[in-house]
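We did not get these values from a lab; they are worked out from the coordinates using the rules stated. All values reported here derive from a predicted model rather than from experimental measurement. Neighbour counts run over all protein chains shown; Cβ positions are idealised from the backbone, glycine included.
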Amino acid sequence: MKSMKNEADRNIKKFSGGGRTVAVRVITYALLGVWALIVLFPFYWMILTSLKSYGAYNSEYIPKLYTLSPTLENYADAFTAVPLGRYLLNTLFFTVATTAAMLVVITLAAFAFARLEFKGKNAAFVFFLSMMMIPNELVIITNYITITNLDLRNSFAGLILPSVTSVFYLYLLKENFEQIPDHLYYAAKVDGTSDLKYLLRVMIPISRPTLVTVTILKVIECWNSYVWPRLITDDPHYYLVSNGIQEIRENGFGRENIPAMMAAVVVISVPLIVLFLIFRNKVMEGVSRGGTKG
């Protein structure tokens with residue numbers, strides 16, 4: 001009889017514990033669902049507005065969360081009122097060239113700080129880390145004067161050169177390189193492998209998730225560049241998509257055609273959203289690996 005009572009007590013405790021677990025999960029998922037709606041609503045509103053006609057949008061005294069007569073006319077206007085297609089090509093070239101150059105620079109620098117021994121290495125790395133404390137806005141004037149003195153305004157070289165390195169990405173990659181066991185490097189040196197061959201055949205393949213993460217983050221950074229392109233270029237032939245949005249507002253559609261402006265923003269945003277969705281797992285894996293020692 002006593003054993004049956006103990007068994008019943010255990011079942012009650014188990015049931016009550018399971019009930020609390022289910023309740024916690026329900027509350028957690030409910031809060032996550034609310035947060036997801038808050039985060040995704042601006043994107044929904046952007047797409048919805050881009051599908052509304054100019055007349056329908058301006059006739060709504062109270063904005064509606066739906067439209068019964070969607071139209072793609074605004075997307076056609078986005079490519080005719082201003083040369084948005086050329087701005088997309090300019091941005092693509094700027095993004096690819098800048099990201100490729102930066103990957104070469106930070107990979108070689110991270111390898112030097114992680115594996116090579118030279119005088120002043122620690123002091124140099126601390127100096128680089130201290131530069132992370134300086135806001136980018138403080139060096140824009142210096143970069144502007146330098147690029148102007150080199151006569152590189154209104155050129156892709158002037159757009160690209162100030163962005164070919166990043167202390168944060170260098171630090172992230174160096175930490176990842178240092179996680180690779182030292183005995184692999186010593187064994188490669190015994191076999192007569194050069195440092196460059198060891199980097200290309202061993203370290204880069206092992207660190208691929210971190211490199212993918214750095215690449216994706218840099219692509220997003222370049223694609224969204226606004227202040228520097230606006231400062232260094234006043235020739236529409238070198239405008240990027242971020243500059244194109246401002247031109248659309250000022251010279252293209254007029255200040256009142258919000259649906260057409262939203263259509264242009266959708267066109268510009270879609271490539272980044274698709275890119276992140278495809279590589280989101282690699283990004284998370286690279287960040288976790290780059291920040292974990294041992």
key: Contour excess over end-to-end distance, with Cα ends at LEU129 and PHE168 and 0.36 nm allotted per residue   = 13.2 nm
ask   = Given VAL22, PHE43, PRO83, which one lies farthest toward the positive end of the charge dipole of the chain, if we put +1 on the Cβ of every Lys and Arg and -1 on the Cβ of every Asp and Glu?
value = VAL22
remark   = Percent of all alpha-carbon pairs of the chain at distances over 23 Å, whole number, is 69
key: Extension gain from ARG25 to ASN154, taking 0.36 nm per residue of separation minus the Cα-Cα distance   = 40.9 nm
note = Between the modelled labels at THR142 and ILE38 (7 Å from Cα along Cα→Cβ) the distance in nm is 3.9
ask   = What full-extension length gain, to one decimal in nm, is calculated for ILE220 and ASP195 as 0.36 nm per residue of separation minus the Cα-Cα distance?
value = 5.9 nm
ask   = With r defined as the distance between the Cβ atoms of LEU89 and MET46 and R0 fixed at 25 Å, what FRET efficiency is calculated, to the nearest 0.05?
value = 0.60
request  = Treat every Asp and Glu Cβ in region 78-157 as -1 and every Lys and Arg Cβ as +1, leave all other atoms uncharged, and give the resulting dipole magnitude about the Cα centre to the nearest 20 debye.
outcome  = 160
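Please state the charge dipole magnitude for the chain, taken about the Cα centre, from unit charges on C-beta atoms (+1 on K and R, -1 on D and E), reported in debye and rounded to the nearest 20.
1560
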³J(HN,Hα) computed for each position of region 161-166 - Karplus, 6.51 cos²θ - 1.76 cosθ + 1.60, integer Hz, glycine/proline x = 3, x, 10, 7, 9, 8
remark   = Counted neighbours (other Cβ, 10 Å), sorted fewest up, put SER225, SER69 in the order SER69, SER225
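Checking understanding here: applying a Kyte-Doolittle mean of at least -0.5 and a length along the axis of at least 24 Å (C-alpha), which whole DSSP H helices in the chain pass? It would help to have the intermediate numbers written out before the result.
On the way: long enough: 2-50 (71 Å, 0.45); 84-115 (45 Å, 1.50); 258-290 (43 Å, 1.52).
The qualifying helices are 2-50, 84-115, 258-290.
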task = May I have the count of lysine pairs in the chain with C-alpha atoms under 23 Å apart, counting pairs 8 or more residues apart or located on different chains?
result = 19
ask   = Taking the chain as a Gaussian network, Cα atoms linked when under 10 Å apart, which of SER163, SER130, SER50 shows the biggest mean-square fluctuation?
value = SER130
